[in-house]
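Colleague: I have a structure here, written as structure tokens, and I will follow up with some questions on it.
The values are calculated or read from the model by the stated rules, or taken from the named source; none is laboratory data. Remember, it's a predicted structure, so these values are computed and weren't measured experimentally. Cβ coordinates were reconstructed from backbone atoms using ideal geometry, including for glycine residues, and neighbour counts include every protein chain displayed. Just the protein is used for accessible areas: all its heavy atoms, side chains included, with ligands, DNA and RNA removed. Shrake-Rupley method; radii C 1.70, N 1.55, O 1.52, S 1.80 Å.
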Amino acid sequence: MLKGKTALITGGARGIGAAITAALAAQGANVAVIYTGSQEKAEALCAQCAQDHGVQAQAYQCDVADFAAAKAVVAQVKKDFGAVDVLVNNAGITQDGLLAMMKEESFDRVLDVDLKGAFNFIRHCTPLFLRQKGGAIVNITSVSGMIGNPGQANYSAAKAGLIGLTKAVAKELAPKGITCNAVAPGFIATDMTRDLAGQDNALLAAIPLGRMGQPQEVAQAVAFLATAPYITGEVLRVDGGIAM
Ligand code: NAI
């Protein structure tokens, strides 16, 4: 269903992002993978996608928080692929800490990457979507942005902001045939949650389905929303029921 389309995935080289890249390539999408540090991983994943699915796949280094760099990389992807049809804002970081001790820089950096990073890419892809008269945006938020999480005031604020951004963009761009949705993962087994994995703690016990999720389970939801023309402004939880 994505054959011949181009998907740009931020933070697409590892964790949930890598699963999203692979899932979209498996549906025939050409993939542009934005990474910060993991050049080798990004390039290996691109080679794998090209080999397994015969798609065009290329890696680009960019700090999503940098407005000008995001503009340049979107222009480069457009030049290399001819279009951007699907934008997945997946790049994200945590800098957890109790509010009473949280440093200003920790608040600012998490907001800059997790929220402004998504704005930057939406902002720069939208002119392309408008010219093409179509496009699909999927933002990776978190259940922390829906129900709050102690120790994550910065992250919860950024991810809640991303939900507001998703809905405003969905309303604004719907008349142009462009959809914008969000996926809200719960606890997914990646580097980000490494410290939680395997722990028999209250947090895991609170997940109704009784286990952490897998990156592929989030990727499945992203692929669905990227190809669902009549769904927009939705926030789809992939969380084993923790935030219901
Ligand atoms: P991860 O730490 O494995 O991957 C994060 C990705 O974002 C990496 O590829 C990293 O290079 C990239 N990234 C970070 N800062 C960047 C920047 N400034 N510019 C460009 N890329 C940057 O984490 P994971 O778990 O795969 O997370 C992916 C997304 O899913 C994040 O937005 C995260 O907040 C969200 N999420 C993860 C959950 C989990 O349980 N793992 C739960 C809820 C949401």
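Every residue, every condition in (1) surrounded by 16 or more Cβ atoms within 10 Å (Cβ to Cβ); (2) at pLDDT 95 or above; (3) within 16 Å of the ligand (Cβ to nearest atom), yes or no:
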site: 74; (1), (2), (3): yes, yes, yes
site: 79; (1), (2), (3): no, yes, no
site: 85; (1), (2), (3): yes, yes, no
site: 89; (1), (2), (3): yes, yes, yes
site: 105; (1), (2), (3): no, yes, yes
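Colleague: Here's another thing I want to ask about it. For residues that are more than 19 Å from residue 19 (Cβ to Cβ), of a type in the set (S, T, N, Q) and buried (at least 17 other Cβ atoms within 10 Å of the Cβ), tally how many sit in segment 196-244.
Modeller: 1
Colleague: Turning to a different aspect of this structure: Mind listing whichever residues of segment 129-153 are surrounded by fewer than 20 Cβ atoms within 10 Å (Cβ to Cβ), more than 15 Å from the ligand (Cβ to nearest atom) and part of a helix (DSSP H, G or I)?
Modeller: 130, 131, 132
Colleague: Based on this model, can you work out whether residue 50 counts as more than 13 Å from the ligand (Cβ to nearest atom), assigned to a helix (DSSP H, G or I) and farther than 20 Å from residue 217 by Cα?
Modeller: Yes, satisfied.
Colleague: Additional query: Among all residue pairs at least 6 apart or on different chains, which show Cβ distances below 7 Å where the first residue, located in segment 228-244, is on the phi > 0 side of the Ramachandran plot and the second is part of a loop (DSSP other than H, G, I, E, B)?
Modeller: Listed by first residue and then by second, the contacts come to 240/186; 240/207; 240/208; 240/209; 240/211; 241/207; 241/208; 241/209.
Colleague: Right, another one. Under 8 Å between Cβ atoms, at least 6 apart or on separate chains: pull out the pairs that start in segment 169-182 with a residue that is hydroxyl-bearing (Ser, Thr, Tyr) and end on any residue that is open to solvent by 10 Å² or more (accessible area, probe 1.4 Å) and in a helix (DSSP H, G or I).
Modeller: 179/173
Colleague: Still on this structure, I have one more. Would you pick out the residues in segment 165-195 that are surrounded by fewer than 20 Cβ atoms within 10 Å (Cβ to Cβ) and within 8 Å of the ligand (Cβ to nearest atom)?
Modeller: 189, 191, 192, 193 - these are the residues of segment 165-195 that are surrounded by fewer than 20 Cβ atoms within 10 Å (Cβ to Cβ) and within 8 Å of the ligand (Cβ to nearest atom).
Colleague: Which of the residues that make up segment 222-240 are closer than 22 Å to residue 148 by Cα and within 14 Å of the ligand (Cβ to nearest atom)?
Modeller: Within segment 222-240, 235, 236, 237, 238, 239, 240 meet the criteria.
Colleague: Another question about this same structure. Answer yes or no as to whether residue 55 is of a type in the set (Val, Ile, Thr), open to solvent by less than 60 Å² (accessible area, probe 1.4 Å) and within 14 Å of the ligand (Cβ to nearest atom).
Modeller: For residue 55, the condition - of a type in the set (Val, Ile, Thr), open to solvent by less than 60 Å² (accessible area, probe 1.4 Å) and within 14 Å of the ligand (Cβ to nearest atom) - is not met.
Colleague: Which pairs do you get when a residue that is of a type in the set (Asp, Glu), found in segment 51-68, comes within reach of a residue that is open to solvent by 30 Å² or more (accessible area, probe 1.4 Å), reach meaning Cβ atoms under 7 angstrom, with the pair 6+ apart or on two chains?
Modeller: Qualifying pairs under 7 Å: 63/36; 63/69.
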